[in-house]
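The values are calculated or read from the model by the stated rules, or taken from the named source; none is laboratory data. Not measured: the values here are computed from a predicted model. Cβ sites come from the backbone with ideal geometry, for glycine too, and all protein chains shown count toward neighbours. Heavy atoms of the whole protein, side chains included, go into the accessibility calculation; ligands, DNA and RNA do not. Shrake-Rupley method; radii C 1.70, N 1.55, O 1.52, S 1.80 Å.
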2 protein chains.
Amino acid sequence: MKKQSIAIDMDGVLADTESQYLHYYEQEYGKRLTKDIFHNVPEAEALPNGSIFKYLYTPGFFRTIPVMAGAVEAVRRLQKRYEVYIVSAAMEFPLSLFEKKEWLAEHFPFIHWHNIIFCGDKSIIDTDFMIDDYCKNLDFCKGKPILFSAGHNAGITHHLRANNWQEILDILDVVPTN
Amino acid sequence: MKKQSIAIDMDGVLADTESQYLHYYEQEYGKRLTKDIFHNVPEAEALPNGSIFKYLYTPGFFRTIPVMAGAVEAVRRLQKRYEVYIVSAAMEFPLSLFEKKEWLAEHFPFIHWHNIIFCGDKSIIDTDFMIDDYCKNLDFCKGKPILFSAGHNAGITHHLRANNWQEILDILDVVPTN
């Protein structure tokens, strides 16, 4: 039987983008903030001085984002039962294309290039599940949407929510013994 | 009413890849071949000495491919009636990612980044039409497939075929006065 398919987002889902923002901010201003600053605030406005957009356009930003806790092992497990695709909206930041490909090769070398998609919007992606931190991608997706928690989406209540990768495994019924 | 969507391939469809191979071959060996050498031959084997793969991995190859005759004007016309997506299997050649983005920005600046997708395989792309030169992309596509003629697909008979961009416009019923 053909496996069901999952589209998994990168920024804020596989990649701990909030931690990277805080790291870059500390490097620039010498001040360590906490993830609380992202709570219920649009992502681009969470740091002062337009810092978020500046960092997004800084070479190396996407290449060095820390991996989200639990993501590597969870994706390995999901692959046993599902056809896993990585679907990232990389077109807005052309510099990120090569960096994201290299980042995946470093941290998720077990994901074949056949299964990687860099896109603009995700409206023509057709998978059985979509895991993402943004409603703009989930609201009209063709499969079952799962909202991965991030500060900016704290107020969203109309999607099934996973707070971490263990909750994704629970929702998708992937047990540790698999 | 929502526009119908079209996924358009790059290499061999928007981009005249055969001409680029011949140009690179002439630069290297001083010998001008014709497109006849591609007729009914697997693309990778059309030139001797593994030249095709060598060129595909040469920086600059994708950035400088000539535009397929008639493609720019045809895509402009299609946009009036259809939601046009560019869907290119760029993941096999990571160097091509940035070059393909730049190439599109130069020759098709009227295509928004929202509508560009670089992928591995195209199996999770869901559009109403798909224009491609490879059966591996068309045989299982979710919409109506249109085979764009290339030397390597000369023997294929099981898809609706377009020999050039004017025939695409005819098939998709886009008239010059649009």
Rg/Rh ratio calculated on Cα atoms of segment B:74-139 (Kirkwood radius): 0.95
Normalised contact order of segment B:17-63, rounded percent, pairs of Cα under 8 Å and 6 or more residues apart: 29
Choice from B:L33, B:L147, B:L104 with maximal GNM fluctuation in chain B (Cα, 10 Å cutoff): B:L33
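Considering every residue in A:83-96, what mean count of other chain Cβ atoms within 10 Å of its Cβ is obtained?
Numbers: counts 2, 0, 5, 1, 3, 0, 2, 6, 9, 2, 1, 7, 2, 2.
Counting other chains' Cβ atoms within 10 Å and averaging over A:83-96 gives 3.
How long are the three semi-axes of the equivalent ellipsoid for the protein assembly as shown, computed from the Cα gyration tensor as the root of 5 times each eigenvalue, in whole Å, largest first?
Values: eigenvalues 288, 102, 85 Å².
Semi-axis lengths for the protein assembly as shown are 38, 23, 21 Å.
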Viscosity 1.002 mPa s, 20 °C: Kirkwood-radius Stokes-Einstein D of chain A over Cα pairs, µm²/s: 128
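State which entries of A:K80/A:K100; A:K2/A:K54; A:K142/B:K101; B:K31/B:K80; A:K35/B:K142; A:K31/A:K122 exceed 32 angstrom in Cα-Cα distance in the structure shown. Mind showing how you got there, number by number?
Values: A:K80/A:K100 24 Å; A:K2/A:K54 43 Å; A:K142/B:K101 27 Å; B:K31/B:K80 43 Å; A:K35/B:K142 42 Å; A:K31/A:K122 36 Å.
The answer is A:K2/A:K54; B:K31/B:K80; A:K35/B:K142; A:K31/A:K122.
What's the magnitude of the charge dipole for the protein assembly as shown around its Cα centre, counting Lys and Arg as +1 and Asp and Glu as -1 at the beta-carbon? Answer in Debye, nearest 20.
Numbers: 36 positive and 48 negative charges, 58 e Å.
Using only the charged Cβ atoms, the result is roughly 280 debye.
Given contacts defined as C-alpha pairs under 8 Å and at least six residues apart, what's the relative contact order of chain B, whole-number percent?
With pairs under 8 Å counted, the relative contact order is 29 percent.
For every helix of n ≥ 4 consecutive DSSP H residues, a contribution of -39,500 (n - 2.57) applies; sum these over the protein assembly as shown, divide by its total residues, and give [θ] at 222 nm rounded to the nearest 500 deg cm²/dmol. Write down the numbers at each step before the final one.
On the way: 12 runs with 106 residues, N = 356.
The helix contribution divided over the protein assembly as shown gives -8500 deg cm²/dmol.
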Neighbouring partner chain Cβ atoms per residue of A:119-131, average, 10 Å criterion: 5
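Indicate, rounded to the nearest 5 percent, the antiparallel portion of the DSSP beta bridges found entirely in the protein assembly as shown.
Working: 6 of 43 bridges.
The antiparallel proportion sits near 15 percent.
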Prolate/oblate/rounded call for segment B:119-178, Cα gyration tensor, a/c under 1.5 rounded: oblate
Protein heavy-atom accessible area occluded, B/A pair - total, 1.4 Å probe, Å²: 2200
Semi-axis lengths (Å, descending) of the ellipsoid that matches the C-alpha gyration tensor of segment B:17-63: 15, 12, 10
